[in-house]
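Taking it in order: structure first as structure tokens, then the write-up.
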Amino acid sequence: MRVVIAGAGSVGRSIARELIRNGHQLLLIDREADGERVAKVPDAAWLQADACELSALTEAGVADCDVVVAATGDDKANLVVSLLAKTEFGVPRTVARVNNPKNEWMFDEAWGVDVAVSTPRLMTALIEEAVSVGDLVRIFEFQQGHAAMVEMTLPTGSPYAGTRVGDIAFPPDTVLTGIIRGGHPIAPSRDDALEPLDELLFITTTEGESDLESMLSPGTRQKREIDD
């Protein structure tokens, strides 16, 4: 997979290093792509340019890449890069970093953003996921598909504890994608039964989240027991 990352600060460089380790081809665009910065990710290709310029994206070969990541510290720049990548070059997938949570509402398909990553929102979701049982926690949204990945730790009193996955009628447009049990991930089949305190991962519509939570966890919420 070929990935172009706009913004080679600490976030952009960290993403690049992880993707390179996973065997992907990387190009980083940054106005300050000097020797010192390039040396921090030597296995990536580099372009010293302003990623908000159409000419820079053309030179970077964005039209031939699979994913564009807008990872600068400037929300306006990330929106411009995403919009140009999607509308001018037809990039299949765009991922944009949200620096200020107040701007999150703009990171949608109108600006060419497929996936918006907000660090404050993600940290909040992970904190809630770590301490709650029975609450549906939104991990992130797929902007263009109007869907989200959500997580719930199944409470002991759930009416579906012990029920086979194939016997459960989940809300419309809801897919159980994974079960984490005892720290081990499970790809759920129809014959797997849900167990209390399973961590369940779903892809669902934003409209279906409340129905899913009411279905699996009616009544009082619990706090997760935390080992000392």
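The values are calculated or read from the model by the stated rules, or taken from the named source; none is laboratory data. Nothing here was measured: the structure is a model prediction, and the numbers come from that model. Reconstructed Cβ throughout: ideal geometry from the backbone, glycine too, with neighbour counts over all protein chains shown. Accessible surface is based on the protein model in full, side chains and every heavy atom, while ligands, DNA and RNA are left aside. Shrake-Rupley method; radii C 1.70, N 1.55, O 1.52, S 1.80 Å.
In table form, for the structure just shown:
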quantity	calculated
Burial order of peptide ranges 105-117, 5-17 (average beta-carbon count within 10 Å, highest first)	5-17, 105-117
D_trans [Stokes-Einstein, Kirkwood Rh over alpha-carbon pairs] for segment 13-79, 37 °C, 0.692 mPa s, µm² s⁻¹	264
Heavy-atom SASA rank of 184, 24, 146 (probe 1.4 Å, accessible area, largest first)	184, 146, 24
Within the accessible area of the chain (1.4 Å probe), percent carbon and sulfur	52
Distance (nanometres) between label positions extended 7 Å along Cα→Cβ at residue 48 and residue 191	6.2
Segment 151-203 - percent relative contact order, Cα under 8 Å, separation 6 or more	53
Net dipole in debye of segment 145-201 [+1 Lys, Arg Cβ; -1 Asp, Glu Cβ; about Cα centre; nearest 20]	40
For q = 0.08, 0.09, 0.15 Å⁻¹, Debye-computed log10 I/I(0) when each Cα of the chain counts as one equal scatterer	-0.37, -0.46, -0.98
Environment charge at residue 62 (Cβ cut-off 13 Å; Lys +1, Arg +1, Asp -1, Glu -1)	-2
Sorted peptide list for 80-93, 36-49, 150-163, criterion being average Cβ within 10 angstrom, highest first	80-93, 150-163, 36-49
222 nm mean residue ellipticity, helices alone, for the chain (DSSP H n ≥ 4; -39,500 (n - 2.57); rounded to 500)	-7000 deg cm²/dmol
Residue-by-residue Karplus 3J(HN,Hα) for segment 197-208, coefficients 6.51, -1.76, 1.60, Hz, glycine and proline x	6, 5, 8, 9, 10, 10, 9, 8, 7, 5, 6, x
Relative contact order computed over the chain (Cα-Cα under 8 Å; 6+ residues apart), in percent	14
Point-charge dipole on Cβ atoms (K/R +1, D/E -1) for segment 3-74, about Cα centre, debye to 20	300
Solvent-accessible heavy-atom area per residue, rounded to whole Å², over the chain at 1.4 Å	52
Gain in span if fully extended, residue 169 to residue 102, counting 0.36 nm per residue against the direct Cα distance	20.4 nm
